[in-house]
Amino acid sequence: MNQPRAVAQFNYWHELVLFGLLIGLLGLAEYLSPGFLSLRGQLYLSRHLWVFAIMALSMTLIIIAGGIDLSVGSAMGLCAVAFGVTFEMTGQLPIAIIACLLTGVLGGLFNGALIARFKLHPLIVTLATYAAFRGMAEGISQGESYSQFGDRFSELSRATLLGIPLPGYLFFVLAVLVGLFLWRTPTGRSIYAIGHSAEAARFSGISVNRIRIGLYTFSGFLAGLATVIYVSRFDTAKADAGRGFELDVITAVVVGGTSIFGGRGTIVGTVLGLLLIHETRQFVGRYWQVDELKSIVVGVLLIVSVLIYQLLVRQRETRSH
Amino acid sequence: MTRNSKTETSAFARITTRREFGLAVLIALITIFVSFFDPRFLDAINLRDILVRCAPTAIVACGMMLVIVTAEIDISVGSLMALTAAAMGIMLSENEWNLSLWIGLPATLMLGTAVGLLTGLLVTVGKVPSIIVTLGLLTALRGFTTLMMGGKNIDGLPPSLQHAAKQGFWGIPLGVWVAACVLVMTLVIIAWTPLGRRIFAFGSSRYAATMCGLSEKPLKLFVFAYTGFLTALATIVDVPRLPTIESGIGLEFELLVVTCVVVGGVSINGGRGTLLGVLLAVVLMTMIRPVLTYLEIGEEAEKWTKAIQGTLIAIAVIGDSLLRRRRRGGPRS
Amino acid sequence: MTRSARFMLLLLISLISLGCRTESGTNVGDQDKLTVCLLPKIKGIPYFTSCHTGAQEAAAELGDIELIYDGPIDGDPKEQAELIEQWIVDGVDVICIAPNAPLVVANAMKEARDAGIHVVTWDADGVPESRSFFVNQATPESIGRGMVDVMIADVGPDQEGDVVIISSDATSANQNSWIDAMKPAIEESKLTLQTIKYPGENAANALADAQDLIKVYPNLKGIFGISSVSFPGAAEAVRQAGKSGEIKVTGLAVPSEMKSYVDDGTVNSVVLWNTKDLGYLTVQVAKALAEGRLTDSDTSLNAGRLGEIQIEGDNVLLGDVMVFNKDNIDSF
């Protein structure tokens, strides 16, 4: 019994379902809690989203390539401390920002080197750096928080152009760049190949090691970038920056349709996943005013989204994992 | 006559290159160093305290070891501990339902096992990757537990339970007894039952195992259910030691257990590892805190505790993997 | 353009056009009731739950208040900022926040004020420009010194000996501010501060640290347990070691949580204040502000069953730290 070819070849069911869910959620939210969909309100509350969103872009790439990065939250803590310490020593904002980005890059490079060159399992390596980065951040900063970076800096995360906050534009540009990279460039497409089978990819001439190192370094860089926005938003650079973020980012990426096994995923899906989780948390918070429910709903959403995908969509595919 | 290096390594070499040996040496070195600084570290009461603290981690690590051997993972054990603690508190506390121990304790164990089974079902039947299931449960169970406790802590556990957990029998607290039993039980499962052999066979090579007709579903269901059961058991023997039951119990516990299992030599790629290694790793990770206290490192250095722990974990985990790689003699992707 | 490209573009365009509705936010809840949001540092721990109880009493007494109580279950200050932002969009009347990290929430609080919402702080102060009033039960100095004074009294004013502090996280701003006040006070006394431990909010770690400290410092006379987790942990450790009465334990906690330790003599004194009154007063202040009854120049406020409450500048003073002991712990 053959299915219509168009349907069988359509690879984006997950994104479509997500889109439908998002519309459904927004509709339900507006119905139950009128005023939810105000543009002003949504944009204002979106500020929380940008930090995660930026890191979700690199996480998508990493997971498609069959890896994972549990250390992004802790990397933020280390970057924040680097930022704070550098600013305190030099009083120069640009230098502090560079220090922040550099710390992220170095951390990512460390991860990448261990995973790619020394062939250690990404879960283990990033679990270790998850603990190590956070610990070092706390030790170096002695638990102190750095602040007073100047009004212009706080404005950075707050300023809006046509109502949309600057970090939003940053994210949009990054998303388009990363999306095009993934979709259109040979390197980008090879990431899918690596996710399917690193061995086969290597035999095809793809420099798996170099790409992997690049991905983790990029992840570190974006963690640094996210930290700059984070510090600007909260006017504080402290070792506990980004605590728990890795879980939220991974959740968004996975809900967005990226398979944890690798080989599948899109930037559009990740964006949808981010929005779905963000809006769900907003809706739950607004309607029930009970903070605990947010964790429960997001946790269940994560499991259910993958479950549905596995049960329904995977049956159409003939791939064996 | 040339020596074939692969088949005729000396007994000495074979022992000293094993992970367990390295861990044992490390523990011994640290102990000697600290006792040199402060001989009271070796007091019976201190050793007993450290053993008691090892108990819950060791108990859950037995289950986690099997999970990781089958190439899965469970990062929800901390939140499950909180859930079972809250449930146990509600059932047994004199301020709450005040049920009998004979009802409350088995019920708590069943709750843990049920959640473990749920995890297993989602992984095997639902085909949801275990990292996802347990990640979702990590957040959902914690939120649910906080909701359940309604902003109040739970006191008033039965005195007999508290006494057993704190003082125990013949001077040894309940936790240590139970941990010993669990270790023996797990050892028996691994070494002497077909189930155990299948678990390791499956972990080593899924392909080969499936070709031989082994099915993975019952194995994986078992390991997750076992871990859930053990988490509830750990809760029962350890939580009554604490002053009160609060919603923050078990935070970051999963990190500790997974670290111990990995440092203990169990490979995330599946199929390897010994219980002895895991046990030694548990002791090593648990002794860090008291060692630092006995070394009297002073205020500023105390703030580096997390850094020290984190770096130790990183070194142990990464160094371990590097060594394994070198010994195996070749890259694997 | 490939089919998949067209599909992606379609998704994006629909998503963008989705956002283009321009309704303005409407109020949450009744229009004729005052919506007061009580935001604790941590939701779900007894200290703040008891403040909530007091706040509910005030709301019930005053009648026309819709009280919303919500907060981060893990004490995350970013979530506090998120909640404030959500309430700004919802259009509430008053936000009362116990900031866990004043700088982190300062901007959100200022924006709330810009949006016409009254903002007060309670339990811990925020950046002065970000709130109208601070319902102050005790300054970090009085809290820190209060604990040290209590310890000196418990141990004996002329006694020499070691003391240790068991805190929470190394990054915990409140605990750090209390420690800053405690250190000079301990210096002035005959006691010696040996070390400070940071077990985090982990009860097992706190218990372990306390147990080890008791073993390591034979001259230990007192333990300060300055978090809601480390105080019971320290008390439990002392009790388990059989040293109740020999080693004095004090700290901050909701008295009912420490009752069993006070009853058996492990803990002589619990430092705190009347948390229910704190919540009660906060709601009273909120209502007075919203109705315009409370202005910058006022020096006192009539706060229901609490009577006339003194106001110093922009601090509404609940009173001083209270010391709970065997005699009065039951009345709390």
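The values are calculated or read from the model by the stated rules, or taken from the named source; none is laboratory data. Everything numeric here is computed off the predicted structure, so don't read it as measured data. Counting neighbours? That spans all protein chains shown, and the Cβs are built from the backbone with ideal geometry, glycine included.
Taking the condition buried (at least 18 other Cβ atoms within 10 Å of the Cβ) and in contact (Cβ under 8 Å) with a residue 60 or more places away in the chain, does B:LEU147 pass?
No; evaluated as a whole, the condition is false for this residue.
Select from the range B:71-102 the residues that are crowded, with 24+ Cβ neighbours inside 10 Å and hydroxyl-bearing (Ser, Thr, Tyr) and list them in ascending order.
B:SER76, B:SER79, B:THR84
Identify all residues within the range B:131-165 that are of a type in the set (Ser, Thr, Tyr) and at the interface with chain A (Cβ under 9 Å from one of its Cβ atoms); write none if there are none.
B:THR139, B:THR145, B:THR146
For the range A:250-267, enumerate the residues that are buried (at least 24 other Cβ atoms within 10 Å of the Cβ), touching a Gly at 6+ places or on another chain (Cβ under 8 Å) and among the hydrophobic types (A, V, I, L, M, F, W, C).
A:ALA252, A:VAL253, A:VAL254, A:VAL255, A:ILE267
What are the residue pairs meeting all of these: first residue in the range A:75-86, first residue free of Cβ contacts under 8 Å to residues at least 40 places away in the same chain, second residue surrounded by fewer than 24 Cβ atoms within 10 Å (Cβ to Cβ) and part of a helix (DSSP H, G or I), Cβ atoms under 6 Å, and 6 or more apart or on different chains?
From the range A:75-86, the pairs are A:ALA82/A:ALA99; A:THR86/A:ILE95; A:THR86/A:ALA99.
Got at least one residue in the range C:86-100 being in a loop (DSSP other than H, G, I, E, B), more than 27 Å from A:LYS238 (Cα to Cα) and at pLDDT below 90?
yes
Could you check B:LEU147 against (1) out of contact with any helix residue (DSSP H, G or I) (no Cβ under 9 Å at 6 or more places or on another chain); (2) part of a helix (DSSP H, G or I) and say which number it fails?
The number of the failed condition is (1).
Just give me the residues in the range A:283-296 being in contact (Cβ under 8 Å) with a residue 60 or more places away in the chain, over 18 Å from C:LEU38 (Cβ atoms) and within 7 Å of another protein chain (Cβ to nearest Cβ), in sequence order.
Listed by number, the list is empty, since nothing qualifies.
Inspect the range B:279-287 for any residue being outside any helix (DSSP H, G or I), in contact with a helix residue (DSSP H, G or I) (Cβ under 7 Å, 6 or more places away or on another chain) and surrounded by 23 or more Cβ atoms within 10 Å (Cβ to Cβ) and give the result as yes or no.
Looking through the range B:279-287, none of the residues is outside any helix (DSSP H, G or I), in contact with a helix residue (DSSP H, G or I) (Cβ under 7 Å, 6 or more places away or on another chain) and surrounded by 23 or more Cβ atoms within 10 Å (Cβ to Cβ).
Does A:ARG134 satisfy being more than 14 Å from chain B (Cβ to nearest Cβ) and of a type outside the set (Val, Ile, Thr)?
The answer is no for A:ARG134.
What number of residues in the range B:240-278 are away from chain C (no Cβ under 11 Å), outside any helix (DSSP H, G or I) and β-branched (Val, Ile, Thr)?
3
Search the range B:205-239 for residues being in a helix (DSSP H, G or I) and out of contact with any helix residue (DSSP H, G or I) (no Cβ under 8 Å at 6 or more places or on another chain), and hand back the single one that is nearest to B:LEU174 (Cα to Cα).
Within the range B:205-239, the match that is nearest to B:LEU174 (Cα to Cα) is B:PRO218.
Give just the number: which of (1) among the small types (Gly, Ala, Ser); (2) under 22 Å from the mean Cα position of the chain (by Cα); (3) more than 30 Å from C:LEU213 (Cβ to Cβ) does C:SER269 not satisfy?
Only one criterion in (1) among the small types (Gly, Ala, Ser); (2) under 22 Å from the mean Cα position of the chain (by Cα); (3) more than 30 Å from C:LEU213 (Cβ to Cβ) is unmet by C:SER269, namely (3).
Checking A:PHE153 against (1) within 14 Å of chain B (Cβ to nearest Cβ); (2) assigned to a helix (DSSP H, G or I); (3) over 30 Å from A:ASN209 (Cα atoms), only one condition comes out false. Which one?
Tallying (1) within 14 Å of chain B (Cβ to nearest Cβ); (2) assigned to a helix (DSSP H, G or I); (3) over 30 Å from A:ASN209 (Cα atoms), A:PHE153 fails exactly one: (1).
May I ask you to verify whether C:MET151 is within 19 Å of C:ASN268 (Cα to Cα), more than 19 Å from the chain's Cα centre (by Cα) and assigned to a helix (DSSP H, G or I)? Break it down stepwise before answering.
Details: within 19 Å of C:ASN268 (Cα to Cα): yes; more than 19 Å from the chain's Cα centre (by Cα): yes; assigned to a helix (DSSP H, G or I): yes.
Judged against the criteria, C:MET151 is a match.
In the range A:114-123, what count of residues is obtained for those that are buried (at least 24 other Cβ atoms within 10 Å of the Cβ) and facing chain B (nearest Cβ under 7 Å)?
Counting residues in the range A:114-123 that are buried (at least 24 other Cβ atoms within 10 Å of the Cβ) and facing chain B (nearest Cβ under 7 Å) gives 1.
Scan the range A:157-173 residue by residue and report those that are surrounded by 12 or more Cβ atoms within 10 Å (Cβ to Cβ) and at pLDDT 80 or above.
A:PRO165, A:LEU166, A:PRO167, A:GLY168, A:TYR169, A:LEU170, A:PHE171, A:PHE172
With the condition kept exactly as written, say whether any residue in the range C:58-66 is over 13 Å from C:THR35 (Cβ atoms), modelled with pLDDT under 90 and in a loop (DSSP other than H, G, I, E, B).
yes
Within the range A:256-269, does at least one residue satisfy the condition of being of a type in the set (Val, Ile, Thr), within 23 Å of A:LEU123 (Cβ to Cβ) and facing chain B (nearest Cβ under 10 Å)?
Yes, the range A:256-269 contains at least one residue that is of a type in the set (Val, Ile, Thr), within 23 Å of A:LEU123 (Cβ to Cβ) and facing chain B (nearest Cβ under 10 Å).
C:ALA185 - would you say it is surrounded by fewer than 22 Cβ atoms within 10 Å (Cβ to Cβ) and in contact with a helix residue (DSSP H, G or I) (Cβ under 6 Å, 6 or more places away or on another chain)?
yes
For residues that are farther than 19 Å from A:PHE83 by Cβ and in contact (Cβ under 8 Å) with a residue 24 or more places away in the chain, tally how many sit in the range A:106-124.
Number satisfying all stated conditions: 8.
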